[in-house]
1. If the convex hull of the alpha-carbon atoms of segment 537-646 is projected onto planes in all directions, what is the mean projected area in square nanometres?
2. Only counting other Cβ atoms within 10 Å, I'd like Asp369, Asp443 sorted with the fewest neighbours first.
3. Tell me, Thr414, Thr548, Thr440 in order of fewest to most beta-carbon neighbours within 10 Å?
4. List the residues whose amide H sits under 5 Å from the amide H of Gly94, counting only those 5 or more places along or on another chain, with H placed 1.01 Å from N in the peptide plane.
5. Starting from the 7 Å offset along Cα-to-Cβ, what nm value, one decimal, do you get for the label separation of Thr551 and Ala522?
6. What does the net charge come to around Ala348 if you take all other residues with beta carbon closer than 15 Å to its beta carbon, with K and R at +1 and D and E at -1?
7. Of the listed pairs Lys565/Lys603; Lys271/Lys346; Lys552/Lys603; Lys108/Lys128; Lys286/Lys346, which have alpha-carbon separations greater than 26 Å here?
8. Could I have the simple spin-label model distance between Ile448 and Val160, label points 7 Å from Cα toward Cβ, reported in nm to one decimal?
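Derivation of every value follows stated rules applied to the coordinates shown; laboratory data play no part. None of these values were measured; they are calculated from a predicted model. In this analysis, Cβ positions are derived from the backbone assuming ideal geometry, glycine residues included, and neighbour counts consider all displayed protein chains.
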Amino acid sequence: MARKKSHFSGVPRTGNKNPTQDALTENIEVLTGQRGNELNRALLFRDLVNLDDLKRQALIASIKQSSNTNDLPIVIGGGIERPHAPVGLQGVGGFTFIALTWNKPNYKGHAYAEIFRSDTDVFSAAVKIATEVTDIFSDAVNMGSQYYYWVRFVNQADMVGPVQSANGLFVEALQSAATILAELGGKIENSHLGTFLSGEVGQIPDLAFGVDQAQLSANSALTQNSNISNDLLVSSNANDANWQTTTVSVGAIDAKINDVSASIATDYYTKVSVNGAIAIANTTLKSEIEDANGNSVGATLQNLAYTVADNNSNYTAMWGIRTNVTGITASFGLVNDGIDPIFAIKGAKFSVIDSQDPTTLTPVFSVVDGKTVVNSLLADEAHIQSLVTDSLLSNRVIVGSELKTPSINYDPLTGARSQNFSTDPNGNMVAKSATLESVTIKDAFGNIIMNSTGAISKDKVSGLGALASADNITLSSVTDAGPFAGLAKILSSNITTYIESGAIGVAQIDQAYISSLFGNNATFSGTVYAEKIVGDLVDADSFTITQTTTTKNSWGTIKILTIQKNQYFANWLTISELEYYMSSSLYTGDVFVQMLYDGQSGKVLSIPAGTGTAVITIQAKGMDDGVNSISRTILPAQSVVLQMFRQGSGFII
């Protein structure tokens, strides 16, 4: 793996060997990361600028070097796991936001979630719009927006998991009530119902066929109907084809005394052609009084039924009641065009009374002055852009962007509050426990006394006592220190409770003095420091040589090795004996082996402590027995063992 470019200049070398200069140069290069293991590099201030990123990069590096079956690092707490697909993704559309929620991830090492959005149900066309560390996300959108969403998890080692599904989650933001009502008003206006609700009493939509044209006295009506019947009979007998396409029947009753009159007019109109048909039934009731100025003042009610059909598949059925009293009009009606039926009331307060008691007229539902009034409402789903309420009971509340409240779990009248979690209007909060990633604490004047990267100054805290500002604290400075204070060792002679012997299944001990410790097995996750460990075998390794020969009384190099020094202790390096045989059975002799390093030679070398490496030369030579002279000795292919021992203080007197 290529080493990153160093921020420091290299140390120039000179031709002359200087042990002191070489040692200083090696130490500087190790500390600056230009040489040796990067784990021995000094920690720089630039590394602390973004400590979280440093940790993340270290995890990524450990993954690349890991030999685990899952290629993931083993860390304290159980390790980092691959992210799974999000579960339980749901979306709720508000008026100006869309809220997404999902189940909390259950893999180890979760970092955050990525949120993608698209106008179409195609993930490749989606754009990442946000990252979220919690399990809820709010997307600010326009009213009526429609989007598809995908969510996936990322762990602390930057490993990306799968999205929740190939198909996106479709969520639609709500439209405002004003927009919906305006759209409905346009549909009413474009239908015959709009003309009827807003028109004058007595007029039939699109026909200009009014009741005024048909209001006759009782005698005139009878005469008119008789004449029409006679005309129709004559036309039928004359084989007039038009008589089946148009039929008008008019009936009217009038009554009048002086300036007071009343009338009832009923009109029936049908028309049939090769392209369509229309049928209208209209009844108008009118009562009037003529004032001194000759103006008619009264009340009028019209009941109109209307159906239309044509060969272009256009069908309409409408029914309505329209009234006019002293110039004030109120009406309601129903229109059905086969696509979007509409029932509307215009110009009147609307109420629903469900009581069977004839004396009870209090409505349970009313529309008054542009407001819908409901005494009690049960709804599975309600969309309210602005909600004003004295009491809100909810199992779950999702806030899209902002929550404003003077208090939570706090009664301003009695001062009673929840001791688990509560806030009052003065900004006082009670919480049993909290996990905060970034904290800044200020005093009453706005001065910062502590933040997540600093410490609390002692002059900002009251009630600390004399020990808070003391530079040196001795045992005599502390009262009620307890029986263990000042003891270098806990023995049966200086404590009341002393365990001389016993058995403990599982125990976690931060620090303890143990005079004698014995057991079958021991595992330490850190470094063990001891004055002496019996055996003191630090490490062992082996290397192989191919078959070779040695010459008589002459050292020959058979291997050159590079070994890693121990950064804490100086060590002894030893080598095992070599296997050999003579080139002829007539010869007898022996083979010797030695190692060379830093001016030393022999079967044992002293390797100083350090973070660098040492180059070791392995040599062998053959020797005869003084009786039968040999020319060469053969070393077969074999494994040679090296052992490293820690150098102690010595024991030879």
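1. Result: 6.9 nm².
2. Fewest to most other Cβ atoms nearby, the residues stand as Asp369, Asp443.
3. Ordered from fewest to most neighbouring Cβ atoms within 10 Å, Thr414, Thr548, Thr440 come out as Thr414, Thr440, Thr548.
4. Ala99, Leu174
5. 5.3
6. In short, +3.
7. Lys271/Lys346
8. With each label placed 7 Å out from Cα toward Cβ, I get 3.5 nm.
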